[in-house]
Amino acid sequence: MKRRRLLALSGAAASSHALSANAQRSALPRVGFLMAGEPEPMWTQFRKAMADLGYIEDRTVKYEVRVADAGRLGPFAASLVELNVDVIVAVLSPAIAAAKAATAKIPIIFNGGAPETGTVTNFARPEGNLTGVWGATSILAGKSVQLFHEIKPTTKALGVLLNAPDPFHVPLQKEIEAVGRAQKIDIMPLMLKSRDELPAAYDEMVRRGVDGVLVQPSLPLETAAALAVQHRLAGISFRREFAVAGGLLALGADQVDINRMVAGYVDKVLKGSKTVDLPVLQATKFEMVVNRKTARSLGLDLSPMFLTRADEVIE
């Protein structure tokens with residue numbers, strides 16, 4: 001329901017006739033929030049982090065929220081530029097790319113894989129108008145393959161659902177295939193053009209006889225987890241909500257901590273800092289969430305030693 005409401009607001013804003021920038025600018029600082037895929041819980045986490053810094057929505061800050069699937073973000077990024085927001089928060093690689101394409105002037109604070117896609121190459125003094133926080137997801141993808149092999153040593157084939165409009169699929173696939181070769185696991189990638197292709201993608205993974213499926217994080221994770229359960233496939237991804245929704249395993253950067261760092265950079269920009277003076281940060285806190293209920297339903301035995309390594313076990 002929240003996603004539908006945010007998408008409706010996004011669509012209305014993008015399709016409305018743009019007023020002049022001066023007429024639109026309110027007395028409050030205006031923060032654009034541009035995200036690919038499902039907005040929650042990251043949108044709430046970001047607002048909470050901003051509130052902890054004293055930014056109260058509609059009292060001390062105004063948010064302009066734009067959410068869309070990976071291939072449809074361009075017009076929404078353009079609408080934020082037309083509004084002349086003070087800063088754009090771009091979440092995940094498609095949003096980062098769309099924001100960068102839309103403006104070379106408005107500061108962009110990213111949460112995602114910009115370094116891995118080549119959007120940023122200088123960590124110490126980021127070029128252009130963007131900086132932010134890198135979650136090292138592609139590296140964690142390789143680790144996830146290793147963990148799955150540990151859970152199911154007989155694994156022969158692993159399906160990978162990739163989001164074609166998301167440039168991050170290139171480094172993600174490369175890392176997974178490298179680890180797959182080392183673990184002697186056949187990696188079977190499947191490129192999706194939209195969320196509508198997810199059900200058919202799972203049908204194809206079952207047909208191919210894979211032992212599990214790894215899902216790129218810019219795809220709708222709750223839907224992907226539910227489909228994994230429905231098809232009796234072990235699902236792996238990178239955010240806690242995937243495991244909560246029924247996925248077997250989620251290994252990724254702690255998004256609460258990342259959003260705290262993103263909010264800190266937004267605060268600095270609103271107070272006059274330049275992005276070139278804000279080095280790219282790397283996530284320092286990571287979490288592994290395991291769904292033991294899903295493991296049992298799939299006949300997978302998680303050893304006590306393995307479970308002690310998890311930050312959260314869903315029973």
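Below is a table of values for the structure above.
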| read-out | value |
| --- | --- |
| Contact order normalised by residue count of region 258-315, Cα under 8 Å, 6+ apart, percent | 34 |
| On Cα atoms only, tilt of 255-270 relative to the major axis of the chain in degrees | 20 |
| ³J(HN,Hα), Karplus 6.51/-1.76/1.60, whole Hz, each residue of region 86-98, x for Gly, Pro | 6, 7, 10, 8, 10, 10, 6, 4, x, 5, 4, 5, 5 |
| T308 - accessible surface, heavy atoms, 1.4 Å probe, Å² rounded to 10 | 110 |
| 5 angstrom amide H check on N122, placed H, neighbours 5+ away | E127 |
| Cα→Cβ-extended label distance, 7 Å offset, between T60 and T121, nm | 4.0 |
| Under the Karplus curve 6.51 cos²θ - 1.76 cosθ + 1.60, θ = phi - 60°, whole-Hz ³J(HN,Hα) for region 29-39, x wherever Gly or Pro sits | x, 10, 10, x, 10, 10, 9, 8, x, 7, x |
| Whole-number percent relative contact order across region 92-137, with pairs defined as alpha carbons under 8 Å at least 6 apart | 42 |
| Per-pair calculated FRET efficiency, R0 = 45 Å: D196 and D277 via Cβ, rounded to 0.05 | 0.55 |
| Solvent-accessible ranking of D257, D186, largest area first, probe 1.4 Å | D186, D257 |
| Cut-off under 5 Å, modelled amide H: who pairs with V61 long-range | I56 |
| Size of electric dipole in the chain: Cβ of Lys, Arg +1 and of Asp, Glu -1, about Cα centre, debye, nearest 20 | 240 |
| Normalised contact order of the chain, rounded percent, pairs of Cα under 8 Å and 6 or more residues apart | 18 |
| Rounded, prolate or oblate (a/c below 1.5 giving rounded, otherwise prolate when a/b exceeds b/c) for region 16-140 by Cα gyration tensor | prolate |
| Of M191, I106, I236, farthest towards positive along the dipole that unit charges on Lys, Arg, Asp, Glu beta carbons give the chain | I106 |
| Cα-based shape type of the chain, given that a ≥ b ≥ c are square roots of the gyration tensor eigenvalues and the cut on a/c is 1.5 | prolate |
| Selected from D211, D267, D52 as most flexible by GNM, with the chain as the system and alpha-carbon contacts under 10 Å | D52 |
| Accessible surface, 1.4 Å probe, highest first, among residues R59, R296 | R59, R296 |
| V170 paired with A157, simple spin-label distance in nm, labels 7 Å along Cα-to-beta-carbon | 2.8 |
| T284 accessible area, 1.4 Å probe, all protein chains in place, Å² to nearest 10 | 110 |
| Gyration tensor verdict on region 157-226 (Cα atoms; rounded if a/c is under 1.5, prolate if a/b is larger than b/c, oblate otherwise) | oblate |
| Using θ = phi - 60° and Karplus 6.51 cos²θ - 1.76 cosθ + 1.60, couplings along region 156-163 (whole Hz; Gly, Pro as x) | 10, 9, 10, x, 10, 9, 10, 9 |
| With DNA, RNA and ligands ignored, accessible area of E315 (1.4 Å probe; Å², nearest 10) | 110 |
| Degrees between helix 221-230 axis and first principal axis of the chain (Cα, 0 to 90, nearest 10) | 20 |
| Theoretical gain in end-to-end length, R292 to D311 [0.36 nm per residue, Cα-Cα removed] | 5.6 nm |
| Part-to-part distance (alpha-carbon centres) for region 170-241 and region 90-161, which is given in Å | 17 |
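The values are calculated or read from the model by the stated rules, or taken from the named source; none is laboratory data. None of the values given here were measured: they were computed from a predicted structure. Here the Cβ is made from the backbone with ideal geometry for all residues, glycine too, and neighbour counts use every protein chain on show. Note: areas computed on protein heavy atoms with side chains; ligands, DNA, RNA excluded. Shrake-Rupley method; radii C 1.70, N 1.55, O 1.52, S 1.80 Å.
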